[in-house]
Amino acid sequence: MQKFSDTHGKSWKSVLQASSDALAVEKRIQESLLQEVGRFGSADTDVVVFGSLARREWRSGSDVDWTLLIDGQAMPEHRLEAQKIAAALRKTKFRGVSLPEPGSSGIFGNLAFSHDIIHHIGGQPDSNKNTTQRILLLLESARIRSTANSEMIGAYERVINNVLARYLYDDTNFLAPGETGSRIPRFLLNDIVRYWRTMCVDFACKEWEQQGGKWALRNIKLRMSRKLLFVSGLLTAFSCFRNSDIESECDPSNPEPYVAEMQRHLEKYAFLTPLEILVLQFRRVSLDQQAIGLLDIYDRFLEQLDNPETRAHLNSLPPRQVYEDNVFLSLRDLSHQFQDVLTQSFFVEDTPLREFNVKYGVF
């Protein structure tokens, strides 16, 4: 991001501030956990955060979505540790303000087990909670560790690595003869698309269940930050398309070396933010000006979302009044601009990204 900013002589104040604040909040959480819990995390467990904190888009009022990720033998102590973490976070303040707790859905603020995340992909056992935890581990997650084990490869890295292995090694696309050039991780791509559609359907479900509560703010987030998350997932899959960094040929009689290389490639993207992935892949196909346009729009979105009065107004705005409300309409207009640049970039400009979407985006 900084290199891209320097190259084009551009600066996105709200994007940079949100990233700086996210790192400061993570440090504050680490300090609080060390003080209240003591040494937390182990070879088999990690505290993992999601949402705007992990995306480096922290704004006033952002939730702290977290889970205690377990990749090892389940023990009663894990529940006690999760309870201590939750209690410590309730006491934690950033700039004098208490950190908002996770939402009431039950997806965050508790335990997550690697077995379910890795093995239950699709089918009845793959609940909304499980799908969300798995996809967000790949697209918007970060670990928080005690200083004693901050450099150790632990549960967080292993689970991400094994989730990618599960997507790739079960993908018969790599066994198909006769294809040349790069191959796409279709199993992973389909699950990313499925998750985006799930987010859209869940938005409608929450509207029904909560009778419009927080509808306006959730709607704007769906149009902007949630859509950006989906875009970064698409671009992660696209990064394998005609990419000279990955072997250009896959031998169907012995696909393991190709698959292993693709796994290493995708693992790098799991530790990037959505905006970093967008800039990286747009630069790859010479869409620098489109990337600048999207960053300009997103910067204004983050600026408005950092206004406590704006957030409070959107949270209390009834759905039947949104199209008469100037605050909502202003943000809705930003989302339309965001969509217009995405449409131009993904479907109009004659680049490998357009070719990828035509071939893999729908059918």
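The values are calculated or read from the model by the stated rules, or taken from the named source; none is laboratory data. Since the model is a prediction, treat every value here as computed from it, not as a measurement. Here Cβ is always computed from backbone atoms with ideal geometry, including for glycine, and neighbour counts include all displayed protein chains.
Computed values, structure above
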{"item": "Candidate set from segment 46-60 (those that are surrounded by 24 or more Cβ atoms within 10 Å (Cβ to Cβ) and over 12 Å from the mean Cα position of the chain (by Cα)); member that is farthest from Gln73 (Cα to Cα)", "result": "Trp58"}
{"item": "Cross-chain or 6+ apart pairs with Cβ under 9 Å, segment 99-127 first and surrounded by 15 or more Cβ atoms within 10 Å (Cβ to Cβ), then basic (Lys, Arg) and in a loop (DSSP other than H, G, I, E, B)", "result": "none"}
{"item": "Given (1) crowded, with 16+ Cβ neighbours inside 10 Å; (2) assigned by TED's automatic domain parsing to the domain that holds Ile70; (3) at pLDDT below 85, index of the condition Arg143 fails", "result": "(3)"}
{"item": "Test for Ser62: is it hydroxyl-bearing (Ser, Thr, Tyr), touching a Leu at 6+ places or on another chain (Cβ under 9 Å), more than 14 Å from Pro102 (Cα to Cα) and in the same structural domain as Phe94 (by TED's automatic domain parsing)", "result": "no"}
{"item": "Every pair of residues 6+ apart whose Cβ atoms lie under 7 Å, when the first sits in segment 55-81 and is over 15 Å from Ile29 (Cβ atoms) while the second is basic (Lys, Arg)", "result": "Gly61/Arg311; Asp71/Arg158"}
{"item": "Cβ pairs under 6 Å, 6+ apart, first in segment 316-342 and at pLDDT below 95 and among the β-branched types (Val, Ile, Thr), second in a helix (DSSP H, G or I) and surrounded by 11 or more Cβ atoms within 10 Å (Cβ to Cβ)", "result": "Val322/Ala216; Val322/Phe328"}
{"item": "Qualifying residue in segment 206-219 (condition: surrounded by 20 or more Cβ atoms within 10 Å (Cβ to Cβ), under 16 Å from Leu139 (Cα atoms) and hydrophobic (A, V, I, L, M, F, W, C))", "result": "no"}
{"item": "Subset tally (residues that are assigned to a loop (DSSP other than H, G, I, E, B) and farther than 26 Å from Asp44 by Cα) for segment 64-102", "result": "4"}
{"item": "Residue satisfying all of: in segment 164-202; of a type in the set (Lys, Arg) and either outside any helix (DSSP H, G or I) or within 30 Å of Asn219 (Cα to Cα) (or both); farthest from the chain's Cα centre (by Cα) among these", "result": "Arg183"}
{"item": "Segment 215-236, subset over 21 Å from Phe356 (Cβ atoms) and of a type in the set (Gly, Ala, Ser), residue modelled with the highest pLDDT", "result": "Ser225"}
